[in-house]
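Right, one structure below, let's go through it.
We did not get these values from a lab; they are worked out from the coordinates using the rules stated. Predicted model, so just to flag it, every value in this text is computed and none were measured. All Cβ positions, glycine included, derive from the backbone under ideal geometry; neighbour counts span all protein chains shown.
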Amino acid sequence: MGTKFIPATLDYELSPYTGLTRESWLEAGKYMLEGIFQNIRSFQDPVIMPRKETQITYPHLNASEEVQKTQRRAEVFEGLTRTFFIAAPVLQNIPDLEICGYPIAEYYKNQVLRVCTKTDPLYVGTYEDQQEITGHEDPFRAFQQTVETCALVICLWVSRAQIWDTYTREEKDTIAELLQGYAHENTVPQNWRLFNMLDMAFLNMEGYKIDRDIMRDHGQAILNYYAGDGWYRDGHSFDYYSCWAFNVYAPIWNLWYGYENEPYLARKFEEQSNKLMETYGDFFDRDGWTNMWGRSNIYRNAATSAFDGNMMLRNGICNAGLARRISSGSLMQFLGREDFLYQGVPTLGFYGQFSPLVQGYSCAESPFWLGKAFLCLHLPADHPFWTEKENNGTWERLGEREVKVTTLNGPALSFSNHQANGETILRTGKVVKRPGDEHGMWNYSKLCYNTKYPWESAPSQDVEAQQYVLKDGTTNRCSKANVTFWYGERDGVLYRRQFFDYSLEKESHWIQAVNLADFAVPCGILRVDKLRIHRAPLSLTLGAYGFPDNGTCISEKAQGSARAMILKGKDAMGREKQLAMTIYDGWKDLKLLHSTGTNPDSEKSIVLYAATERQKQYGYEPYVLISQVITKESHEDFSEEELFPVKTVRYTDPENCGGYGPVILEMKDGGKKEISFEGMEGQLML
């Protein structure tokens, strides 16, 4: 355990929710820099941080000597530029900043020049150098350095007066020479195009020649990745890259290049950022917490940088008081935990070290991408972001047990704000992962992502948190949903379909699937799903959220044929937690699975799950599975109505199996939900 950040400056009049001010953010920046520089032994040493994880991250120990050489160069560059995200805006405010005895402006000025100087041991190499080192003649090869050149030019812009303007023309030319290749050569055809665009925009802004046709080609491609509702498709997926890449880099590009040279593109990027702002505040919970979802979760609160991106635009619509409230809340979500740092450096995890979420393209310094959240410090002290009183947007308007649901068909995202527990739950679609890609399924294919219950990796082969698992009764092989089709919301019910082990090599109608239908209730989500199964016998499980097990009280209740199991306990930080799962038709049992090392919050955890079996190869057995998962951030008992909200279930078919026709749920609060899967087939989207 490390030492959590405790701000010295608090103003609850200006910031009634968090107390954090501009000075608090500067303190947080210095706190992060102190953690970094306590690991740098001399002024000439690069930003290479302690490495707790060595099996997944790069430099990869089993790689060839040539590959390791390239990876070591990339790590030096990544450490420099990503920590610069924090240092640059702090320097802009404190030009004579010293940390651990080092003058920070001089350190970064020196290091930046060194990595760009061919004769220096820290030289990271041009794009052409990388191709020569790796022995690749592939013209479509891309390198990690492209990512970091973009971070570099942003930070040189932010700290212009402290660093860039102090270089001689010859020194600037040296840096520009390194940038040229990464600006103009091959890149990855997704959010990476923006890295090239900003490299070229910076060079152009500083008087260097660029290829405007290449710039325009990247720009039109970025525009065409747009899916609607402010979100961009990144590769195939939708995730936070839409927010911390597309909706940060595009606004900066507008400032540097677009408004003057490509007004149509600039106008579209501005419109799309504003569209994101219409709903993005509701993506976070009542405490401003960020959801653990998608890849690169080690970047944490970098997701809040999209607010800063919008405020850079000429006609941005960002609610400044709400943006600061969320940004500060998410900052403290992480910096306020004692397990966040390892030897002063953010762990390769979401909270503490958590290897199941780590990807091979990361290194020990990669988490400093979260430094993008600190870019808000480039905004002057009199900017509304710092002067407006914090507000909590939707949460200030919701009734005590009210839920607000926002469903966006473009990116296939439905997020619900639950006033009863302060949580935000995300339900996603348009997901395609390879069969067996458990990592991808954890990141994208969970049925729900909850801001207060980060996703749990597999505690066993036949049980997953917030996922269905099918187990073949003949072979004992387990199948998990790797593809999620999106239908959308109808009459307050969200419809999706998940396929198990979906592959283009198979006929899709032979693949096991489940039609999903779920809707929000005050403390969670109620499911009325329908099996689309061909083979039997089989068993089926569905997990609730992973529950931190730091001493858990377990109880059960029943009402008629419905059963509920309730867990009460605390998370790793000692906060009260409570979870209940209720099963109705289609399920036979509720069970518990204890696990170690599979939960991002706590070393030990419990997965509460429902289980059932289907025995006949063909036969009219129950198709519909009704269940509910609800949570509270307190130990106040759930009411009977919260645990058992369904008054009656009415089926169309005479066997009451849900094989065809609508299923109607009459709720105890007087509401009614009609679930009908007919007509889905022609409207499913990926």
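For Glu66 paired with Gln461, estimate the spin-label separation in nm (one decimal), with each label point 7 Å from Cα along the Cα-to-Cβ line.
Label-label distance for Glu66 and Gln461, simple model: 3.9 nm.
Mind checking Rg over Rh on segment 447-489, alpha carbons, Kirkwood formula for Rh? Don't skip to the answer; put the middle values down first.
Values: Rg = 12.8 Å, Rh = 12.2 Å.
Result: Rg/Rh = 1.04.
Mean residue ellipticity at 222 nm from the helices of the chain, using -39,500 (n - 2.57) per DSSP H segment of n ≥ 4 over the full residue count, to the nearest 500 deg cm²/dmol? Each step should come with its number before you reach the end.
Numbers: 15 runs with 185 residues, N = 686.
Result for the chain: -8500 deg cm²/dmol, rounded to the nearest 500.
Considering only Ala465, Pro367, Pro356, whose Cα is most displaced toward the positive end of the charge dipole of the chain, charges sitting on Cβ of Lys, Arg (+1) and Asp, Glu (-1)?
Ala465
Work the Kirkwood hydrodynamic radius out for the chain: mean of 1/r over every pair of different alpha-carbon atoms, inverted, in Å.
Working: mean 1/r = 0.0380 Å⁻¹.
Over the chain, the inverse of the mean reciprocal pair distance is 26.3 Å.
Provide Met292, Met685 in ascending order of the number of other Cβ atoms located within 10 Å of each residue's Cβ, fewest first.
Values: Met292 24, Met685 13.
Final ranking by Cβ density, sparse to dense: Met685, Met292.
Round to a whole angstrom and tell me the spacing of the C-alpha centers of segment 628-642 and segment 60-104.
Cα centroid of segment 628-642 versus Cα centroid of segment 60-104: 46 Å apart.
Quick one: Lys577, Lys672, Lys30, fewest Cβ neighbours within 10 Å first, how do they rank?
Working: Lys577 23, Lys672 14, Lys30 18.
By the 10 Å Cβ count, ascending: Lys672, Lys30, Lys577.
Can you give the FRET efficiency to the nearest 0.05 for Ile94 and Lys118, using r as the Cβ-Cβ distance and R₀ = 45 Å?
Working: r = 33 Å, r/R0 = 0.73.
Calculated transfer efficiency: 0.85.
Taking only the Cα atoms of segment 572-686, how large is their convex hull per residue, in Å³? Intermediate results must be reported in sequence, preceding the final value.
Values: hull volume 21.2 nm³, N = 115.
Output value, Cα hull per residue: 185 Å³.
List the lysines whose Cα lies under 28 Å from the Cα of Lys109, skipping any in the same chain that are fewer than 8 positions away.
Filter leaves Lys30, Lys69, Lys118, Lys172, Lys209, Lys372.
Each residue of segment 557-569 in order: what ³J(HN,Hα) in whole Hz does its phi give by Karplus 6.51 cos²θ - 1.76 cosθ + 1.60, θ = phi - 60°, with x for Gly and Pro?
Result, rounded to whole Hz: 9, 9, 8, x, 8, 7, 10, 9, 10, 10, 10, 10, x.
Could you tell me the ratio Rg/Rh of segment 549-629? Both radii from Cα atoms, Rh via Kirkwood. Could you put the intermediate results ahead of the total?
Numbers: Rg = 15.3 Å, Rh = 14.3 Å.
Computed over Cα atoms, the ratio is 1.07.
Run through every distinct alpha carbon pair of segment 22-396 and return the Kirkwood hydrodynamic radius in angstroms, one decimal place.
Working: mean 1/r = 0.0482 Å⁻¹.
By the Kirkwood definition, the hydrodynamic radius is 20.7 Å.
Explain nothing, just the number: relative contact order of the chain, from Cα pairs under 8 Å at least 6 residues apart, as a whole percent. All intermediate terms of the calculation are to be shown ahead of the outcome.
Numbers: 1461 pairs, mean separation 74.5, N = 686.
It rounds to 11 percent for the chain.
Quick one: which residues, 5+ away or cross-chain, put their amide H under 5 Å from the amide H of Asp653? H built at 1.01 Å from N.
Hits under the 5 Å cutoff: Gly658, Gly659, Tyr660.
Let me understand segment 143-207 better: what is its radius of gyration from the alpha carbons, and its Dmax, in angstrom?
Final numbers for Rg and Dmax: 11.6, 35 Å.
What is the fewest-to-most order of Arg193, Arg314 by other Cβ atoms lying within 10 Å of their Cβ?
Lowest count first: Arg314, Arg193.
Quick check of the Kirkwood formula: for segment 217-342, what is the inverse mean of 1/r over all pairs of different Cα atoms, in Å?
Details: mean 1/r = 0.0668 Å⁻¹.
Final number for the Kirkwood radius of segment 217-342 is 15.0 Å.
Amide H of Gly488 versus every other amide H placed in the peptide plane: which residues, excluding those fewer than 5 positions away on the same chain, fall under 5 Å?
So Gly488 has HN proximity to Tyr495.
What FRET efficiency, computed as 1/(1 + (r/R0)^6) with R0 = 51 Å and r the Cβ-Cβ distance, is obtained for Leu255 and Glu505, rounded to the nearest 0.05?
So the FRET efficiency works out to roughly 0.60.
Quote the convex hull volume per residue of segment 6-93, based on C-alpha atoms, as a whole number of Å³. Mind showing how you got there, number by number?
On the way: hull volume 11.4 nm³, N = 88.
Hull volume normalised by residue count: 129 Å³.
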